[in-house]
2 protein chains.
Amino acid sequence: MPLRQAQKERTREAILAAALQLSHDAGLSQLSLRQVTRAAGVVPTAFYRHFDSMEEVGLALVEQSFMTLRRMIRDAQRDPEVVDNLIDASADVLVAAVKQNREHFAFVARERLGGPAPVRDAIQHELELFISELAVFLARVPELQSWSSDDVTMVAGLFVRNMVYRAEQVVATPDGRPDLEEEIKRKARREMRMIVLGFEKWRS
Amino acid sequence: MPLRQAQKERTREAILAAALQLSHDAGLSQLSLRQVTRAAGVVPTAFYRHFDSMEEVGLALVEQSFMTLRRMIRDAQRDPEVVDNLIDASADVLVAAVKQNREHFAFVARERLGGPAPVRDAIQHELELFISELAVFLARVPELQSWSSDDVTMVAGLFVRNMVYRAEQVVATPDGRPDLEEEIKRKARREMRMIVLGFEKWRS
DNA sequence: GAAGTCAGTGAACGCGTGTGCACTCAAATA
DNA sequence: TATTTGAGTGCACACGCGTTCACTGACTTC
């Protein structure tokens, strides 16, 4: 990559990182351009070389956040342990992923309903995409082979909703408390099992 | 009530109503004092006769919102139809309540994660209170008599989470679409049934 | 090595903001 | 009826904001 372009990329990342961090206190929408550029170590007008508005920054952050999530599920599909023991393993994967990308998950949780309309819509859209992807994955799990594709999609939806809720909890959990994290995992697992059990009973 | 005090109350209501309405577009936290007082038909400095900050307005709105909710569940407990046919009836009650208090529910959904910390905490607290109240109600339902109080509380938690999620959906639904509302009710009912089924299977 | 490109600069602007303060004048009190 | 109270007023101020524009100077291209 040409040096010029690389430096531009670095500044862009700095702006995104600053916005992500600052939005944690007050939400994306009441973030000021000057505040963000100050934190990014750049002059206010430089912002316009990268984004037209703060909203665009928000969309870029949504993109970043879900890239992480997509990578997570792609890796999980290759891991035989996850396929064998879906529920236990996916609770571990979820908590680990949220811990490693705490700020991104907090951003998504906060802006999913609290953000500007275009950001809200983008998050909603990404979540629906994620549900579809998860459904494709679940359809390959032996126990669910006999299920209709509608039912699998509905289970995927419930799992993702559970995931969003647990992510909210992990984000709200202080950093050095593995006991609380275990509790959240335990509840997440129990709930996923109940979803499957309830579904089986419902179908019968 | 003395005339003076009555007039003060009216202005206070006007400020709250203006804040509720305006926050729908952009969120409570990026609402300006002047904007709100302008919409309330009062001069900016008059604001301070009623509130110290916008945050305090937010807390008052949380209070208002949950008063509605509490009245709703209290009425429902007296209605024999609800007790007999808990799941179907409560889905109806929920959708009706959200429709009648759309702005308050939207406010709670939005500010639950997107609002200022004190408002978020207040909403969280009210939701936990509501779960307890619902658990007391559920404990009196015949089918659940044999359940442990922990299990009943957990079901109440799942019901409330379902409720919050459905409220988000109803709020996002345009007004004149009874078909979409029916769809949401249908899903809410199905999910509550699955929760109970999954729980029964889990306990066995 | 000269010419061109373009990420980042810095001064300037008009605007809406929160808040302080002295005020009015109807309602409440005595 | 005379006095006090206090909800709402109107002006002023300092401040941070988004955006404009002409600029610089290192990197890229030729």
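The values are calculated or read from the model by the stated rules, or taken from the named source; none is laboratory data. Model, not experiment: these values are computed from the prediction. As a convention, Cβ positions derive from the backbone with ideal geometry for all residues, glycine included, and neighbour counts pool all protein chains shown. To get the accessible areas, we keep the full protein, side chains included, count just its heavy atoms, and leave off ligands, DNA and RNA. Shrake-Rupley method; radii C 1.70, N 1.55, O 1.52, S 1.80 Å.
Some values worked out for this structure:
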| item | result |
| --- | --- |
| Number of positions in the stretch A:169-188 that are in a helix (DSSP H, G or I) and within 21 Å of residue B:153 (Cβ to Cβ) | 11 |
| Of all residues in the stretch B:7-18 being open to solvent by less than 30 Å² (accessible area, probe 1.4 Å) and aliphatic (A, V, I, L, M), the one that is nearest to DNA strand D (Cβ to nearest atom) | B:15 |
| Any hit, the stretch B:56-71, residues being out of contact with any helix residue (DSSP H, G or I) (no Cβ under 6 Å at 6 or more places or on another chain) and aromatic (Phe, Trp, Tyr) | no |
| Of all residues making up the stretch B:19-43, the number that are open to solvent by 40 Å² or more (accessible area, probe 1.4 Å), in a helix (DSSP H, G or I) and either within 16 Å of DNA strand D (Cβ to nearest atom) or in the same structural domain as residue B:117 (by TED's automatic domain parsing) (or both) | 6 |
| Residue A:33 within 14 Å of DNA strand C (Cβ to nearest atom) and touching a Pro at 6+ places or on another chain (Cβ under 8 Å) | yes |
| Out of A:4, A:74, sole residue that is farther than 19 Å from residue A:108 by Cα and either within 14 Å of chain B (Cβ to nearest Cβ) or within 16 Å of DNA strand D (Cβ to nearest atom) (or both) | A:4 |
| Tally, over the stretch B:80-121, of residues that are of a type in the set (A, V, I, L, M), more than 14 Å from chain A (Cβ to nearest Cβ), without any contact (Cβ under 8 Å) to a residue 24 or more places away in the chain and farther than 17 Å from residue B:184 by Cα | 1 |
| Test: residue in the stretch A:89-101 that is more than 14 Å from the chain's Cα centre (by Cα) and not in a helix (DSSP H, G or I) | no |
| Test for residue B:44: is it touching a Ser or Thr at 6+ places or on another chain (Cβ under 7 Å) and without any contact (Cβ under 8 Å) to a residue 24 or more places away in the chain | yes |
| Positions within the stretch A:44-65 being within 11 Å of DNA strand C (Cβ to nearest atom) and open to solvent by 20 Å² or more (accessible area, probe 1.4 Å), in sequence order | A:44, A:45, A:46, A:48, A:49, A:50 |
